[in-house]
Amino acid sequence: MARAPSPFPVFAVHALGLDQHAFDPIRRFLDETRQVVPLELLGHGNAPSMPEPALRAYVDHAIAEIAAQAPQGPVHLVGHSFGGVVAALALARLEALGRQVASLCLLGTPAQGGSVFLERAAAVRRDGMATFERDTLARWFGSEPPAQWASAIAYARAALRRQSTDTVSSTWLALAAFPGFRGLLAAQRVLCIAAEDDLSTPPAIMAGIVDAHVPEAGTHGSVRLATLPRGGHLFPLTMAPDVAAMLQVHWEAAEAVHPPREPKE
C-alpha cells in the first residue's frame, strides 16, 4: 500500500532561463512520499510575463502559487540561483503571514545583486540571444563538460532557446536589485549547496550567505554550506543523486524540530 505524502511539501524555484523541469532529475531520487512542487519564475515556462517586473513581483508570484497549491500547513523552500533569492524573500513574507516554513535550501545562489547583473541585462539586449545562450552554457557547464552531462546540457540549451530577450533582461535586472541576506535568515534552518567547479556561483560566493547570518536567540536557526566536488552551476541536474540525498537529510532534520502546527482558527 502506498504511503501518504509528507505533510511538508517542498516548493522549488528554478534558475533564470530554465523552467519547472529543472527539478525533474532530483525528484527521481527522492522518497516517493516527498511532494515537490516546482514553481516557475515570471516569464518562464507557463508563468505569466510582466513588463520589466521588479524583484518583488517575482516573490509575489511565488507566494500566490504557494497559497494556491498549499493553503495551509508547513512547507520547505528550495531555490536555485536567482530562484534561491526568490525563495529566501518568499520565506520572510510567508512567515510574516503566519505560515510555517520548516527549512530553506539555496542551490548555487548569489549572496547579493549588483553591477555584474546589470551588465548581463545590458549585454543580452546589445548582443542578442544567440550570444547569451553560448555564454550562459559556458558559464554553467565549463568549456569541456564531461560526456555524462549531455542530457543536462541538452535540456538547458532547449530551455534557454524558449526565453525572450525581455524575460532574460528583466530577470537579470531584478537580481541586480537584491540587497543581500543580512538579517533575512535569522531564525531559519538553511542549507546552502555549492559546487567547486561552479563558474557562476562558486563556494566562495555562497560563503557570503553564511557570513551574513546572525542567529536569533532561542531558535533553531542555522545556515551552513555544503560543497560538491563538481557539477557546474547546474549541479541540481548533473549531480542529482547527491543533491537529492543532501536535501532529504536536511528536510528530515528540520522536521524533527518543527512539528506541524495546528492552523489558526
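The values are calculated or read from the model by the stated rules, or taken from the named source; none is laboratory data. If you're wondering where the values come from, they're calculated on a predicted model, not measured in any experiment. Positions of Cβ are generated from backbone atoms using ideal geometry, with glycine treated the same way; all protein chains shown enter the neighbour counts. The area values use the complete protein model at the heavy-atom level, side chains included, leaving out ligands, DNA and RNA. Shrake-Rupley method; radii C 1.70, N 1.55, O 1.52, S 1.80 Å.
Some values worked out for this structure:
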quantity	calculated
Calculated log₁₀ intensity ratio I(q)/I(0) where the Debye formula runs over C-alpha points of segment 35-164, q = 0.13, 0.17 Å⁻¹	-0.65, -1.06
The chain - percent of accessible surface contributed by carbon and sulfur, probe 1.4 Å	54 percent
Near-label residues of segment 68-91 by backbone N, under 11 Å of a point 7 Å along Cα→Cβ of Gln100	73-75
Dipole-positive endmost among Gly208, Ser49, Val10 within the chain (Cβ charges, Cα centre)	Ser49
Computed Kirkwood radius, in angstrom, where 1/r is averaged over Cα pairs of segment 96-202	15.9 Å
For segment 85-169, accessible area per residue (1.4 Å probe, heavy atoms of protein chains only), Å²	44 Å²
Label-to-label distance, nm, for residues given as Ala130 and Ser49 (7 Å Cα→Cβ offset)	2.1 nm
Residue among Gln69, Gln35, Gln248 with the largest mean-square fluctuation in a Gaussian network model of the chain, springs linking Cα atoms under 10 Å	Gln69
Val116/Thr33 FRET efficiency (R0 41 Å; Cβ-Cβ; nearest 0.05)	0.50
Euclidean distance of C-alpha centroids, segment 101-175 and segment 81-100, integer Å	22 Å
Residue-averaged 222 nm ellipticity for the chain, from DSSP H runs of 4+ at -39500 (n - 2.57), nearest 500	-13500 deg cm²/dmol
Average projected area [Cα convex hull, the chain], square nanometres	14.3 nm²
Inter-label distance for Ala256 and Ala207, nm, one decimal - labels placed 7 Å from Cα along Cα-to-Cβ	2.8 nm
Computed Rg/Rh of segment 1-90, alpha carbon atoms with Kirkwood Rh	0.98
